[in-house]
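Here's the structure, in structure tokens; my notes come after.
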Amino acid sequence: MLVRSVGSANRIGANSTTSNGWHISSTRWNRAIYFMAWNVLNEMQDHYGSTSTGEMIMKKLLAIAIMAVLLCLSGQVMAETTTDVCVDNGDGTVTDNGTGLMWQKATAGPMNWDAAMSYTSGLSLAGHSDWALADANTLVRLYSSACKSMLEGAADSLYWSYTSTGSEALTVTFNNSDTISVDKSIRHHVRAARQNNEGNTKSICRPWCTE
């Protein structure tokens with residue numbers, strides 16, 4: 001299983017693939033690589049009886065080379081999974097090490113945009129008080145992230161973003177990642193975000209930068 005329990009935290013591995021909602025861990029890929037290497041050696045050995053000494057030596061060398069390549073691939077996969085991308089911290093937050101952001105796990109609201117701004121800036125959660133509304137682009141990225149499955153809330157709800165112009169602000173829906181500009185007085189859901197200094201940050205726009 002890809003999602004595993006480590007202490008109080010659930011983690012999703014960096015080198016994982018998803019298909020029809022199932023998460024596949026790289027451990028299975030490693031096992032498959034070892035299985036292929038074992039089969040290669042067995043196939044080579046099955047044909048030694050009908051070959052000359054020179055041909056047998058060449059086949060042994062080829063088998064060793066193939067084995068080395070497969071083991072290198074296995075080692076690379078294992079190395080890439082030492083850092084987990086998505087971590088449920090067990091304290092009401094989820095860390096996305098791919099973007100360097102920490103997310104509020106629960107959904108707040110509904111509330112209007114001004115209330116959402118006040119709520120997130122005044123939020124104290126998991127020992128942190130530097131929370132804010134995420135910009136629209138970051139919310140769209142969250143929709144495509146594996147971390148989304150760790151968050152709580154209605155999938156069809158609209159969430160406020162920091163991105164605004166005049167009396168309107170952008171909302172993002174989590175059933176298809178559409179961005180919709182709506183009047184700030186309308187009540188929608190809220191999910192706070194903060195910069196996680198321990199994460200592997202990337203250059204993406206956040207509420208505390210200029211879009």
Item to check | Likely footprinting exposure, SER177, SER124, SER164, fewest C-beta neighbours within 10 Å first | outcome: SER124, SER177, SER164
Checklist entry - Sorting VAL182, VAL190 on the 10 Å Cβ count, fewest up front, what's the list? => result VAL182, VAL190
Next on the checklist: Let me make sure I get this right: for the range 104-195, a, b and c are the square roots of the gyration tensor eigenvalues over alpha carbons, sorted descending. Under 1.5 in a/c it's rounded, otherwise prolate if a/b > b/c, else oblate. Which is it?
Outcome noted: oblate
Next on the checklist: Test of understanding: ordering ARG141, ARG187, ARG194 by Cβ neighbours within 10 Å, fewest first, what list do you get?
Outcome noted: ARG187, ARG141, ARG194
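Give me the net charge for the shell around PHE174: Cβ to Cβ below 9 angstrom, other residues only, Lys and Arg +1, Asp and Glu -1.
0
Taken together, the values in this text are just the output of simple stated rules run on the coordinates, not laboratory data. Only a predicted model underlies this, so the values are computations on that prediction, with no experimental measurement involved. Note: ideal-geometry Cβ built from the backbone for every residue, glycine included; neighbour counts use all protein chains shown.
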